[in-house]
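Bear in mind that the values in this text are calculations on the coordinates, not laboratory data. Note that this is a predicted model, so its numbers are computed, not measured. For neighbour counting, all protein chains shown are included, and Cβ atoms are generated from backbone atoms with ideal geometry for every residue, glycine included.
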Amino acid sequence: MNTTRQAEGAAPPPVSGPTAFRRTLTLWGLAHRAFFVSLWCVMVSSVLRGPLGVKLLPGTERRVRALADRQRELAARWSGVEVPAVYAELPATGRARGKALRSQLLDKGNQVHRDWRWVHIDWFAGGAIAAGPVLLGLTGVWGLWTASIGTELPREWDSVWFLFVPVGDPDTAFLAGALGVLCLLLAVFWAPRRTLRLHARYLRLVLAPSESELLAARVEHLRTTRSDAVDTQMSEIRRIERDLHDGAQARLVAMGMTLNAAEHLLATDPEAVRDLLVEARQSSTAALKELRDLVKGIHPPILADRGLADAVRSLAMISPLRTEVVVDLPARPEPPVESAVYFAVSELLTNAAKHSGAERCWIDLRYERGSLRVSVTDDGQGGADVRAGTGTGLRGVERRLAHFDGVLAVNSPPGGPTLMTLELPCVLSSPKTTSS
Amino acid sequence: MRVVLAEDHFLLRDGVTRLLEAFGHEVLAAVDTGPLLLEALLSLRPDVAVVDVRLPPTFSDEGLRAAVFARTRVPGLPVLLLSQYVEPLYAHELLATGSEGIGYVLKERVSDGAEFIATIERVAAGGTAMDPEVVSKLVTGKSRDEPLASLTPREREVLECLAQGLSNAGTAESLFITEKAVAKHVGNIFMKLGLPPSESANRRVLAVLAYLDR
């Protein structure tokens, strides 16, 4: 399951009235779009039982989800209100996807159901909230208009009303004008920010899953990542066992045999003994090299000695790409997190060097708002994809980061550049120990 | 030669001490922790220090830090670092303290006694000794470097020998070619990399190391 964790985002930076006003216009525009999507959804719903419905569902659902995602993103960015979403896994394409979507749509506790319900509500509820400042502004304009021409209107119009003011003589016209200006000021400087907050709260009310659904999704996520972690660990242990068995252990056995032979030849053929001893020493060198490589694969010494920052610098030094590293880490993360991030960065760098055709690479490592964030950018030809056949390495990185609730975002348009960002929540504990 | 040795494994400390004494060198002190090492380096001023990177109390890079600090206090103090593994970043930090009289080799090179003593002597004389593994990692890190990529395979071998700190004679011996051929290759390498030519073997090693570590 894909889960977005519920977190109270930090308050967004304050914005000016006019900017907030523009934002309410954007939300209003999205409400208009919701209207058309809603109409389309009604049509699709009417043929839901038949094969046509199954065929149309995936595309429609994608449109609904895109709209909801956009709104969720804006709520987080503009108002600091995180609206969590819990989507269940779906078959990739075709009829199976359509059928799965249909059953999800009919299930009241499902995110797809909630999204669709929201789309039917949003075009008037969301629209009405977002239109608040605009309507207030129009009211202000109407006030000014009545103030300027109200007294000169022909008598047969009787009188023109602005709010509660019957505009007929200069006094009432002045009152209407003043009220109009007040409305305009309120519409631009007072209402928009409140509207944005209200809209975000409304969005959370309609779109967010209940606490228990979130918890259920969380449990499901933990269950998958835990079994995944156990599998990964097991296969790692097997690999280590195999490497030791085929590598260092075999060399030591060979060394023992060589030394044994040397012992028997000592009295009769000292020349041969010399050769055997040289061979034994070479075996010991090879065994040591294999052990060193193995240790590096389990827990790189530089990581233990110096921590993540220097370990990443060291990766950059041996990478064939010209790599620049920028680090902003006030302290060291927990060792398991360090190790996961180290191997992830190592994989991303290897990937960039192997497949991207890049010349240069930039690594940025920083700790912000309770998360460790690393971005690896290269100037290669792009086209990297987590899900593509060549991306098994990326898929592995994604899975291992998931053990720590971390995520990998890949942005790699054809033609480049490629930007890969990994982010995982963690606490920094050990004091900083890097030399500079 | 007067040597200070820092190594926390008793067997290895004992073995290296005996090896040094067998070759007629004097071991002033054989210590097993970082603070003791620093004290010995600053008070005894040895001709060369042989230092394990990983030492108590932190078992991280205590030895390296003591050596780097001592070299800032006693410029040019010859130090040979030993380690279970080689790390280009450490080589870089050591090179940053000045590139004369430093060495960084794998611990297992101790097993070839005569060669190991020769390495220590080279460092004590102000030369350089980089483990082939350090050099090959530095070269990998520069594999997209154009001048470097333009070297012929043979020239690259010669470059790696130079970076390890070998003289022309040493290079000739390890590649099984004549010294004259080595000199020719060295000339070509320096021209291709745009380095100033130099007669002094040591200066050449430093130029190559500086290029790789850039």
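Worth a mention:
- Residues A:V230, A:V397, arranged from fewest to most other Cβ atoms within 10 angstrom of their Cβ, appear as A:V230, A:V397.
- Note on the protein assembly as shown: dipole from Cβ charges, positive end direction compared against A:T285, B:A6, B:P88; the farthest Cα belongs to B:P88.
- Antiparallel beta bridges, as assigned by DSSP with both residues in the protein assembly as shown, represent about 50 percent of the total such bridges.
- Shown is the FRET efficiency for B:E146 and B:A169, computed with R0 = 35 Å from the Cβ-Cβ distance and rounded to the nearest 0.05: 0.70.
- Remark: mean inter-chain Cβ contacts per residue of B:137-143 equal 4, using a 10 Å Cβ-Cβ cutoff to other protein chain atoms.
- GNM flexibility winner over chain B from B:L159, B:L148, B:L89 (Cα, springs under 10 Å): B:L89
- Counting only the Cα atoms, region A:302-428 fills a convex hull of 87 Å³ per residue.
- Taking amide H as placed 1.01 Å from N in the peptide plane, the amide H of A:W161 sits under 5 Å from that of A:V167, each at least 5 places away or on another chain.
- Proximal lysines relative to B:K184, as straight alpha-carbon distance under 20 Å, when same-chain residues fewer than 8 apart are discounted: B:K192
- Its Cα centre serving as origin, region B:2-141 has a Cβ charge dipole (Lys and Arg +1, Asp and Glu -1) of approximately 300 debye.
- Simple label model, 7 Å out from Cα along Cβ direction - A:L252 to A:H113, nm: 6.1
- A simple charge model with +1 on the Cβ of Lys and Arg, -1 on the Cβ of Asp and Glu and nothing else charged puts the dipole of region A:219-296 at about 300 debye relative to its Cα centre.
- Here region B:55-74 and region B:127-146 have alpha carbon centers that stand 23 Å from each other.
- Of A:S38, B:S99, B:S111, the sequence from fewest to most neighbouring Cβ atoms within 10 angstrom is B:S111, B:S99, A:S38.
- Distance between region A:88-122 and region A:302-353 - C-alpha centres, whole angstrom: 41
- Both radii were evaluated on the Cα set of region A:294-360; the Rg over Rh quotient, with Rh as the Kirkwood radius, amounts to 0.97.
- Using a cutoff of 8 angstrom between alpha carbon atoms and counting only pairs six or more residues apart, the relative contact order for chain B works out to 14 percent.
- Here the Karplus curve 6.51 cos²θ - 1.76 cosθ + 1.60, taken at θ = phi - 60°, turns the phi angles of region B:200-210 into couplings of 6, 4, 5, 4, 5, 4, 4, 4, 5, 4, 4 Hz, with x standing for Gly and Pro.
- Each Cα pair of chain A feeds into the Kirkwood radius, which the Stokes-Einstein equation turns, at 4 °C and 1.567 mPa s, into a diffusion coefficient of 47 µm²/s.
- Top of A:E398, A:E423, A:E279 by mean-square fluctuation, Gaussian network on chain A, Cα under 10 Å: A:E279
- Charge dipole of the protein assembly as shown about the Cα centre (unit charges at C-beta), most positive-ward option of A:V206, B:V158, A:A267: A:V206
- With Cα atoms, 0 to 90° folded angle of helix A:392-402 axis to chain A main axis: 70
- Taking every C-alpha pair closer than 8 Å and separated by at least 6 residues, the mean separation divided by the residue count of chain A gives a relative contact order of 12 percent.
- Relative contact order of region A:304-436, taken over Cα pairs closer than 8 Å and 6 or more residues apart, is 28 percent.
- Listed residues A:V325, A:V206, A:V278, most fluctuating in chain A (Gaussian network, C-alpha, under 10 Å): A:V278
- Averaging 1/r over each pair of different alpha-carbon atoms in region A:58-213 and inverting the result gives 18.7 Å, the Kirkwood hydrodynamic radius.
- Counting Cβ atoms of other protein chains within 10 Å of each residue's Cβ and taking the mean over peptide A:300-307 gives 5.
- Dipole magnitude of region B:145-213, debye to nearest 20 (Cβ charges: Lys/Arg +1, Asp/Glu -1, about Cα centre): 200
- Bridging of A:K99 to lysines at a Cα separation below 30 Å is possible for A:K55, A:K108, once same-chain residues fewer than 8 apart are set aside.
- Rounded tilt (10° steps) of A:125-149 against the dominant C-alpha axis of chain A: 40
- Listing B:H9, A:H355 from fewest to most neighbouring C-beta atoms within 10 Å gives B:H9, A:H355.
- For region A:68-172, with +1 on Lys and Arg beta carbons and -1 on Asp and Glu, the positive-most of A:I149, A:A88, A:W161 along the dipole: A:A88
- In order along region B:166-171, phi translates into HN-Hα couplings of 7, 7, 4, 5, x, 5 Hz, rounded to whole numbers, per the Karplus curve 6.51 cos²θ - 1.76 cosθ + 1.60 with θ = phi - 60° and x for Gly and Pro.
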